[in-house]
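Trainee: Take a look at the following structure, please.
The values are calculated or read from the model by the stated rules, or taken from the named source; none is laboratory data. For clarity, every value in this text was computed on a predicted model and none was experimentally measured. Glycine gets a Cβ as well: all are built from the backbone with ideal geometry, and neighbour counts include every protein chain shown. To get the accessible areas, we keep the full protein, side chains included, count just its heavy atoms, and leave off ligands, DNA and RNA. Shrake-Rupley method; radii C 1.70, N 1.55, O 1.52, S 1.80 Å.
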Amino acid sequence: PKHKHDWEHVNYIMAGKGKLTIGDTTHDVEKGDFALVPPNETHQFENPYDDKFEFICIVPNRGEY
């Protein structure tokens with residue numbers, strides 16, 4: 001689902017392909033791509049394809065715990 005949070009994160013696409021929407025812009029992403037999601041931006045990953053879509057999320061600075 002679309003969501004947002006106070007911290008940025010970087011995603012690395014490990015397998016397959018999918019779509020990443022940040023704000024009102026949708027990007028095609030595929031294996032080997034990196035994507036930066038800025039803080040407080042509404043975003044969503046989707047897999048409209050039949051193949052698996054795997055990514056990892058790296059949060060370099062989440063703020064105080």
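Trainee: Limited to segment 11-48, what total is found for residues that are in a loop (DSSP other than H, G, I, E, B) and farther than 19 Å from P1 by Cβ? If you could, list the steps in order and put the result at the bottom.
Mentor: Within segment 11-48, the subset in a loop (DSSP other than H, G, I, E, B) is 16, 23-24, 31-33, 38-42, 47-48.
When the remaining residues are screened for being farther than 19 Å from P1 by Cβ, the result is 16, 31-33.
Selection size over segment 11-48: 4.
Trainee: Being over 11 Å from the mean Cα position of the chain (by Cα), open to solvent by less than 80 Å² (accessible area, probe 1.4 Å) and modelled with pLDDT of 95 or more: is that true of G32 here? Talk me through it step by step, then tell me what you get.
Mentor: Values: over 11 Å from the mean Cα position of the chain (by Cα): yes; open to solvent by less than 80 Å² (accessible area, probe 1.4 Å): yes; modelled with pLDDT of 95 or more: yes.
Here the answer is yes, as G32 does meet what is asked.
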